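Just below is one structure, and these are the notes that go with it.
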Amino acid sequence: MIILLATTIGLSAVILFPNLSEAESELKTFVTHSGKVIRTTGEVIDPLYTVSEVEFDPMEYLREFNYGNVSKLEDGTTVREYTIIAEDDKVMEVSPGVFYNVWTYNGTVPGPTIRATEGDLLKINFINNGSKEHTIHFHGIHPAEMDGVFEIVGPNGGKFIYEFEAGPVGVHPYHCHVMPLEEHIVHGLYGVFIVDPKEGREPADEMVMVLNGLDTDFDTENNFYAANTIPFYYQHHPIQINTHELIRVYVVNMVEFDPINNFHLHGNLYNYYPTGTDLIPSFYTDMITLSQTERGIMEFEYTYPGKYLFHAHKVEFSEKGWVGMFLVNDKAESDENGMEYGS
Ligand SMILES: [Cu+2]
């Protein structure tokens with residue numbers, strides 16, 4: 001009797017849901033013409049793209065610098081060559097169940113952190129593998145035709161080589177400059193460009209934080225905020241640093257729609273170098289306010305070990321994801337345990 005009942009239920013399931021297992025394995029993600037991301041086992045009529053998911057590790061991004069392929073000219077000038085590929089057909093799960101169509105430089109948001117020394121000759125091979133026109137506009141000093149505004153790079157393999165001398169010293173953003181600009185930026189086409197002074201800076205545990213907003217419902221208001229794209233990431237995965245070690249944070253505000261953003265550090269104050277162009281700090285503070293593409297360098301050391309928050313003091317932003325934590329390890333103890341720097 002029990003066997004008969006089980007068989008009947010089993011048969012009914014097969015009749016009611018004939019392709020259940022097959023359908024489950026065919027969950028696909030689409031981006032529609034309105035930019036909405038849809039995940040379904042069904043059919044989507046005329047989708048814009050069938051997409052793949054972006055792999056992005058904010059902890060890796062934090063301390064990853066791209067110095068390019070280095071060579072020397074006869075006169076001794078250092079040449080750094082980079083390749084940046086734009087795409088606009090990927091999605092990222094920015095919060096559990098929330099998928100967002102990201103437009104990427106080299107497959108991530110933000111794109112790679114380009115790093116050079118003042119006076120180096122930079123050669124950036126740009127390839128646009130997207131379906132829309134894109135460019136790279138670097139902030140800094142360069143010839144007009146290298147500004148990435150009027151030299152539009154066509155979709156599906158368009159190419160352009162940006163060549164200019166690295167300068168001035170500081171931390172600068174780069175981003176796509178195709179209209180509508182807001183759309184190309186909020187989808188993720190931006191990154192950080194660091195120009196080191198020839199004499200270098202004091203050795204430090206260095207990291208990059210891009211403050212960004214995500215408008216996942218296209219109403220020109222941000223639904224999520226973050227340091228390095230994933231809301232709340234560094235709160236759940238604190239950044240490990242050591243006491244009595246110089247920490248240097250290159251911070252760039254890429255939030256659109258909201259006129260200001262800010263950066264508050266707990267249990268400490270930092271020396272702040274606006275745009276990083278001067279080697280003498282302008283402020284000693286625990287709070288800076290940043291408008292669009294405003295950026296700078298923060299330097300600090302912790303005396304006491306423990307957990308310290310950093311976040312937007314615009315509380316709405318921190319409650320929607322722009323909050324993180326430093327886990328400060330006692331340097332003496334770390335050394336005894338043979339811990340790696342910053343591990
Ligand atoms: Cu673009």
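The values are calculated or read from the model by the stated rules, or taken from the named source; none is laboratory data. Owing to the predicted nature of the structure, the values given are computational and were not obtained by experimental measurement. Here the Cβ positions follow ideal geometry from the backbone for every residue, glycine too, while neighbour counts run over all protein chains shown. Surface areas here come from the heavy atoms of the whole protein model, side chains and all, with no ligands, DNA or RNA. Shrake-Rupley method; radii C 1.70, N 1.55, O 1.52, S 1.80 Å.
Quick notes
- One decimal place: the segment MET179-ASP217 gains 11.7 nm when fully extended, by the rule 0.36 nm per residue minus the C-alpha distance.
- Under the Karplus curve 6.51 cos²θ - 1.76 cosθ + 1.60, θ = phi - 60°, whole-Hz ³J(HN,Hα) for the stretch 211-217, x wherever Gly or Pro sits: 8, 9, x, 10, 9, 7, 10
- Taking only the C-alpha atoms of the chain, Rg followed by Dmax gives 23.4, 92 Å.
- Mean accessible surface per residue for the stretch 77-199, computed with a 1.4 Å probe while every protein chain stays in place, in Å²: 34
- Length available on full extension from GLN292 to ARG63: 0.36 nm per residue minus the Cα-Cα distance, which gives 80.1 nm.
- Backbone amide hydrogens, once placed in the peptide plane, bring MET209 within less than 5 Å of TYR250, VAL251, VAL252, excluding anything fewer than 5 places away on its chain.
- Based on DSSP H segments of at least four residues, each scored -39500 (n - 2.57), the chain has a per-residue ellipticity at 222 nm of -3000 deg cm²/dmol.
- Percent carbon-and-sulfur accessible area, the chain, ignoring ligands, DNA and RNA, probe 1.4 Å: 54
- Fraction of beta bridges assigned by DSSP in the chain that are antiparallel (%, nearest 5): 70
- Environment charge at TYR284 (Cβ cut-off 13 Å; Lys +1, Arg +1, Asp -1, Glu -1): -3
- Pair GLU43, ASN268: separation of 7 Å Cα→Cβ label points (nm): 5.8
- Under 9 Å, Cβ to Cβ, from VAL192 - net charge with Lys/Arg +1 and Asp/Glu -1: +2
- Distant-in-sequence amide H partners of HIS137 (H built 1.01 Å from N, under 5 Å): HIS175, CYS176, HIS177
- Phi-based couplings in Hz for the stretch 326-331 (Karplus 6.51, -1.76, 1.60; Gly and Pro marked x): 9, 9, 8, 8, 6, 4
- Rounded to the nearest 10 degrees, the angle from helix 2-16 to the longest Cα principal axis of the chain is 70 degrees.
- Efficiency of FRET between SER52 and ASN156 - r from beta-carbon atoms, R0 25 angstrom, step 0.05: 0.90
- Rounded to 5, percent antiparallel among DSSP beta bridges of the stretch 177-288: 55
- Backbone geometry of the stretch 99-108 corresponds, through the Karplus equation with coefficients 6.51, -1.76 and 1.60 at θ = phi - 60°, to 3J(HN,Hα) couplings of 9, 10, 6, 9, 9, 10, 9, 6, x, 9 Hz, x marking Gly and Pro.
- A Förster distance of 25 Å, applied to the separation of the beta-carbon atoms of LEU73 and GLU133, puts the FRET efficiency at 0.15.
- Amide H contacts for THR216 (H built 1.01 Å from N in the peptide plane; partners 5 or more residues away or on another chain; cut-off under 5 Å): ASN223, PHE224.
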